Amino acid sequence: MPSKEELIKEADSTTDPKRAEALYREILASPISQHASTEEKESELRHQEAALIKLGELYRDQKNAQGIADVIKLSRGFVSSIAKAKTAKLIRTLLDCFNAIPNSQKIQMDVLHENIEWAKREKRIFLKHSLETRLVGLQLDTQQYKPALALIDSLLTELKRLDDKLVLTEVHLLESRAYRGIGNLAKAKAALTSARTAANSIYCPPHLQARLDLQSGILHAEDKDYTTAYSYFYETFENLSTQNDPSALGALKYMLLCKVMLNLPEDVTSLLSIKLASKYAQLRDVESMRAVARAHQKRNLADFEKALRDYRQELSSDPTIRTHLSALYDTLLEQNLLRIVEPYSVVEIEYIAQQVGQDRQAVELKLSQMILDKVFHGVLDQGRGCLLIFEQPEADRAYGAAIDTLEQVGKVVDSLYAKTVKLA
């Protein structure tokens, strides 16, 4: 009978995935001899561990999420015979195989729930924390904010008791993302401050530092402080680029977004010419931001809408970019409407709608909003279907002057009263 080492070599060399799968499963199914020496047992365990990882990678390449789930379930029987630290690393490695499989979040979450329960039973506390942290990340990706926050609360209680600063930093960062997702920016900032405080007392790995900077940039962008947000996004991009991390592209898109939001669309081209960004310059994601910048530079609403249509996936999949581009579209529409109505004192709403290439009802709604916000002074005459524009009314200072005079008279009266009291 061939040894485990020979079976692994045969599985690695074969081009038939089914044959490789059968060989890996044969390695995992064959028991370790009780009479073997300690060295032989360790060697056998190493081969089984390698077979588990390679089987997981095989299913990953086949985009077989259920197969990976079965491998993780299979690994639970094997990990009882190896060290706890090695167990955590093995399960994390197998869970990472899911990352390459699209739409596998549901299976991944089911697997995590099973393994968390198993870790509780086996009293593997650190593994449980690691798995729960990963589960929170998945819940945030699928916008399940309520269960994520509930799990974060229980995790924070346990982690503060154990004083595990690294995982505590990560959980506070996830908490910040969760609160930002439900629109509570005050709590999102507080959680991020807690994450940074925990990170300052330990060595913070570069990838975690990059995520902290990215979240800081997102929160500053929410406050419309795009200059500070840009500096954080640049730090993130530089950090991730040096590690050849694919998520560096997301940070670059945020940098380009900040330039557009700062009314500096002409800086987009020069930004893409720097050494770190040049390798991303031809990608579709970057081209989408370039198209938005061109439309914004020309103040052209039609081009802006065309960019949103042509690059729907690239511009709408990220909630941060979607939110800020929506605000930018609103601003651009407002500027176009002001440019059209400026020369007139009376203008038909139908004509304005034709000029901006928008639906009449949408234009009417936007004009009424602009009047209420006092962007210009006017009134919508819906009977005639016209917009009446008035001159900027001059502020009447008489009222303010009269109030000031009465205040001064009041002081004089009080002074005279005080004097009469003294004389009496």
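Quick rundown of the values:
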item: Estimated FRET transfer efficiency when R0 is 30 angstrom, pair R92-D16 (beta carbons, to 0.05); result: 0.55
item: Separation in nanometres of the label points that stand 7 Å from Cα toward Cβ, at D225 and T331; result: 1.7 nm
item: Mean Cβ count within 10 Å, highest first, over the residues of peptides 401-411, 371-381, 103-113, 229-239; result: 229-239, 103-113, 371-381, 401-411
item: Pairwise FRET efficiency - D414 versus E238, Cβ, R0 = 51 Å, nearest 0.05; result: 0.20
item: Label assignment, Cα extents along the principal axes in Å derived from the structure, set (1) 111, 73, 44; (2) 72, 67, 32; (3) 67, 54, 36; result: (1)
item: Whole-percent carbon and sulfur share, accessible surface of the chain, 1.4 Å; result: 52 percent
item: Computed E for L45/I107 - FRET, C-beta separation, R0 35 angstrom, nearest 0.05; result: 0.80
item: Relative contact order of the chain, defined on C-alpha pairs under 8 angstrom at six or more residues apart (%); result: 6 percent
item: Unit charges on C-beta of K, R, D, E only; dipole of the chain, Debye; result: 860 debye
item: MRE, 222 nm, helices only [DSSP H, n ≥ 4, -39500 (n - 2.57), over the chain, to nearest 500]; result: -24500 deg cm²/dmol
item: Å² per residue, accessible surface of the chain at 1.4 Å; result: 56 Å²
item: Gyration tensor verdict on segment 189-255 (Cα atoms; rounded if a/c is under 1.5, prolate if a/b is larger than b/c, oblate otherwise); result: oblate
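The values are calculated or read from the model by the stated rules, or taken from the named source; none is laboratory data. This one's a predicted model, so the numbers in the text were calculated from it and none came from an experiment. Note: ideal-geometry Cβ built from the backbone for every residue, glycine included; neighbour counts use all protein chains shown. Accessible surface is based on the protein model in full, side chains and every heavy atom, while ligands, DNA and RNA are left aside. Shrake-Rupley method; radii C 1.70, N 1.55, O 1.52, S 1.80 Å.
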